[in-house]
Amino acid sequence: MSALTDTFRMANGVEIPKIGFGTWQIPNGPEAYDSVRTALEVGYRHIDTALAYGNEESVGRAVKDSGVDRDELFITTKCPAEIKDAAGARRAFERSSSALDLGPVDLYLIHAPWPWTAIGTDHRAGNIEVWKVFEELYEQGRTRSIGVSNFDVDDLESLTAATDVVPHANQIRWFVGNTQGPTTAWCKQHDVLVEGYSPLATGELLDDEDIAAIAKRLGKSVAQVSIRYLLEKDVLPLPKSTTPSRIRENAEVDFELSAEDIAELDTLGAR
Ligand code: NAP
């Protein structure tokens, strides 16, 4: 059992390593390059980036320099949340594709159903238009799978009612105390892989005393228990760190949480 190399199988049969390395807020250049090189040395085989992160060029270069076979790697990138038209989506994909320079992408996501400056606004028609470009890219083999991010049940219902390919994955904010019940249930029912972003709540979970008590009992760190919790729920964790020791620590999650530990973590959402 290794979370780094074990895979989830998406509805289209594509295998995706069960833990991914997150790269949000890691600047392009030495920081992104070094972090991704470290992650690959530690054994991560799945990297999560986005056009909006501005670091695809360093991610691609780190992958190429690592010497790891491209076939062993899974690379996700995302079409910016602000783009809600077909021409914009095609341009965004070409930009990501040439910045990464790694051949076909493994997973291409709509970053969010609305622009970040207008969260919650209605872009159903625009998302359908963008998704039809995603379907073309998928058919052409330019991306091996396609998905969405930050989509709730309504967003998923309206997209799938008007398009052919059901998203293979939905990447949502998911951590102890924030388990996205209705969206997660919809995704499981429709065979959409749930990827959990910010599994440490962007660092906020790290001084949580309740998780710390469980971690102490198990001889693990708060980060490890928090990441393991997602795996126990069949949600794919995407931890981020630029610190080599933490990059390693976050991947050492090959232990099991007992039913009691999980039940206790489940109740922390009600705090
Ligand atoms: P996260 O993984 O929840 O937490 C990262 C923070 O925790 C950083 O400050 C990091 O510090 C610290 N940290 C990491 N491991 C640690 C450890 N073992 N011990 C102590 N501190 C630790 O944060 P995130 O970046 O919000 O989310 C992860 C990934 O999800 C992103 O990078 C991105 O790929 C994805 N994401 C996607 C979306 C979306 O809209 N689709 C949105 C947000 C995030 P250092 O780096 O200083 O070590």
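The values are calculated or read from the model by the stated rules, or taken from the named source; none is laboratory data. Since the model is a prediction, treat every value here as computed from it, not as a measurement. Don't worry about glycine lacking a Cβ; one is built from the backbone with ideal geometry, like all the others, and counts go over all protein chains shown. Accessible surface is based on the protein model in full, side chains and every heavy atom, while ligands, DNA and RNA are left aside. Shrake-Rupley method; radii C 1.70, N 1.55, O 1.52, S 1.80 Å.
Principal-axis analysis of the Cα atoms of the chain puts helix 30-42 at an angle of about 60° to the longest axis. Based on DSSP H segments of at least four residues, each scored -39500 (n - 2.57), the chain has a per-residue ellipticity at 222 nm of -12000 deg cm²/dmol.
In sequence order, the range 63-68 has phi-based couplings of 4, 5, 6, 5, x, 6 Hz under the Karplus curve 6.51 cos²θ - 1.76 cosθ + 1.60, θ = phi - 60°, and Gly or Pro positions carry x.
The share of Cα pairs per 10 Å bin across the range 113-177, counted from zero up to the longest distance, runs 20, 52, 25, 4 percent.
Annotation: Arg90 carries an accessible surface of approximately 100 Å², with a 1.4 Å probe and no ligand, DNA or RNA atoms counted.
When the surface is traced with a 1.4 Å probe over the full set of protein chains, Ile146 keeps roughly 0 Å² accessible.
Here the range 1-126 is treated as a Stokes sphere of Kirkwood radius computed over C-alpha pairs; at 10 °C and 1.306 mPa s its diffusion coefficient rounds to 104 µm²/s. Farthest towards the positive end of the charge dipole of the chain, among the residues Gln140, Thr121, Ser158, is the Cα of Gln140, using unit charges on the Cβ of Lys, Arg, Asp and Glu.
Scaling against 2.2 N^0.38 Å puts the C-alpha radius of gyration of the range 61-141 at 1.20. Simple point charges give the picture: +1 on the Cβ of Lys and Arg, -1 on the Cβ of Asp and Glu, and for the range 41-185 a dipole about the Cα centre of about 180 debye. The Cα atoms of the range 138-238 cover 48, 27, 21 Å along the three principal axes, with the biggest extent listed first. Against the longest alpha carbon principal axis of the chain, how many degrees, from 0 to 90 and to the nearest 10, is the axis of helix 86-100 turned? Helix 86-100 and the main axis of the chain meet at about 60 degrees.
A Cβ-based charge dipole, computed about the Cα centre of the range 7-270 with Lys and Arg at +1 and Asp and Glu at -1, lands at about 500 debye.
Cross-link reach is defined here as a Cα-Cα straight distance under 26 Å, omitting same-chain residues fewer than 8 places apart; for Lys64 the lysines meeting it are Lys18, Lys78, Lys240.
The H on the amide N of Phe74, modeled in the peptide plane, is under 5 Å from the matching H of His46, Ile47, each at least 5 residues off or on a different chain. Rounded to two decimals, the Cα radius of gyration of the chain over 2.2 N^0.38 Å is 0.96. A simple rule links phi to the HN-Hα coupling: the Karplus curve 6.51 cos²θ - 1.76 cosθ + 1.60 with θ = phi - 60°, which for the range 204-215 gives 5, 6, 5, 10, 6, 5, 5, 5, 4, 5, 5, 4 Hz, with x for Gly and Pro.
In degrees between 0 and 90, to the nearest 10, how far off the longest principal axis of the chain does helix 124-139 point, with axes built from Cα atoms? So the helix axis and the longest Cα principal axis differ by about 90 degrees. For the set Tyr53, Tyr229, the ranking by accessible area, highest first and with no ligand, DNA or RNA atoms included, is Tyr53, Tyr229 under a 1.4 Å probe. Semi-axes of the equivalent ellipsoid of the range 156-212 are 29, 10, 8 Å, computed as sqrt(5λ) over the eigenvalues of the C-alpha gyration tensor in descending order. For a straight C-alpha distance cut-off of 12 angstrom, the aspartates and glutamates reachable from Lys220 (same-chain residues fewer than eight places away being disregarded) are Glu249, Glu252, Asp254, Glu256. Projecting the Cα atoms of Val130, Ser97, Leu109 onto the charge dipole of the range 7-270, computed from C-beta unit charges around the Cα centre, puts Ser97 farthest toward the positive end. Dipole size of the range 175-232 about its Cα centre, with +1 on Lys/Arg Cβ and -1 on Asp/Glu Cβ: approximately 240 debye, rounded to the nearest 20. Positive end of the dipole of the range 201-271 (Cβ unit charges, origin at the Cα centre): among Ile227, Leu238, Thr267, the Cα lying farthest that way belongs to Leu238.
If you take every residue apart from Arg37 with its C-beta less than 10 Å away from the C-beta of Arg37, what net charge results, scoring Lys and Arg +1 and Asp and Glu -1? Here the count lands on -2.
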